[in-house]
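The values are calculated or read from the model by the stated rules, or taken from the named source; none is laboratory data. Treat the numbers as computed from the prediction; the structure is a model and nothing was measured. Positions of Cβ are generated from backbone atoms using ideal geometry, with glycine treated the same way; all protein chains shown enter the neighbour counts. Note: areas computed on protein heavy atoms with side chains; ligands, DNA, RNA excluded. Shrake-Rupley method; radii C 1.70, N 1.55, O 1.52, S 1.80 Å.
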Amino acid sequence: PELTYAWIFNEYPTFVHQDNRRFVSQETGNLYIAKVEASDVGNYTCVVTNTVTNSRVLGPPTPLILRNDGVMGEYEPKIEVQFPETVPSAKGATVRLECFALGK
């Protein structure tokens, strides 16, 4: 792909590393964090790199805070998909479909 996405946590050069709770979509650039913990609190900055020109653009910092007032509440499970109903692909090619489950 011509564009790649990464996220800085608080300050450069601390990048968000993908693990069983964190995922950076290379399709949309979205950062997903499951089961947010106190250690996740901070500022997140999106970094978009053009691999053709090797240039980078940084977005504005976005703060993540924890709410303890119960305003967010619990909600029923919801599956979110962001791909079309049909995905054409060449034989032998790798296809990645992103699907996310939210809620409790």
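Being aromatic (F, W, Y), at pLDDT below 80 and surrounded by 10 or more Cβ atoms within 10 Å (Cβ to Cβ) is a description that does not apply to F9.
For the stretch 24-58, how many residues are within 17 Å of L3 (Cα to Cα), assigned to a strand (DSSP E or B) and touching a residue at least 12 places away in the same chain (Cβ under 8 Å)? Even if it seems obvious, please write down each step before you answer.
Step one: of the stretch 24-58, the residues within 17 Å of L3 (Cα to Cα) are 24-31, 45-58.
This time we only want the ones that are assigned to a strand (DSSP E or B), so: 24, 31, 45-50, 55-58.
From the residues that got through so far, the ones that are touching a residue at least 12 places away in the same chain (Cβ under 8 Å) too are 24, 31, 45-50, 58.
Number of matching residues: 9.
Run down V57, V41, V16 and say which single residue is touching a Leu at 6+ places or on another chain (Cβ under 7 Å), of a type in the set (A, V, I, L, M), surrounded by 10 or more Cβ atoms within 10 Å (Cβ to Cβ) and within 30 Å of P84 (Cβ to Cβ). Steps first, please.
Working: V57 fails: touching a Leu at 6+ places or on another chain (Cβ under 7 Å); V41 fails: within 30 Å of P84 (Cβ to Cβ).
Going through V57, V41, V16 in turn, the sole match is V16.
Cβ-Cβ contacts under 8 Å between residues 6 or more apart (or on different chains), taken from a first residue in the stretch 89-103 that is closer than 14 Å to I33 by Cα and open to solvent by 70 Å² or more (accessible area, probe 1.4 Å) to a second residue that is of a type in the set (A, V, I, L, M) and modelled with pLDDT of 75 or more, are absent. Residues in the stretch 39-60: is at least one among the small types (G, A, S), out of contact with any His (no Cβ under 8 Å at 6 or more places or on another chain) and modelled with pLDDT under 90? No - not one qualifying residue is present in the stretch 39-60.
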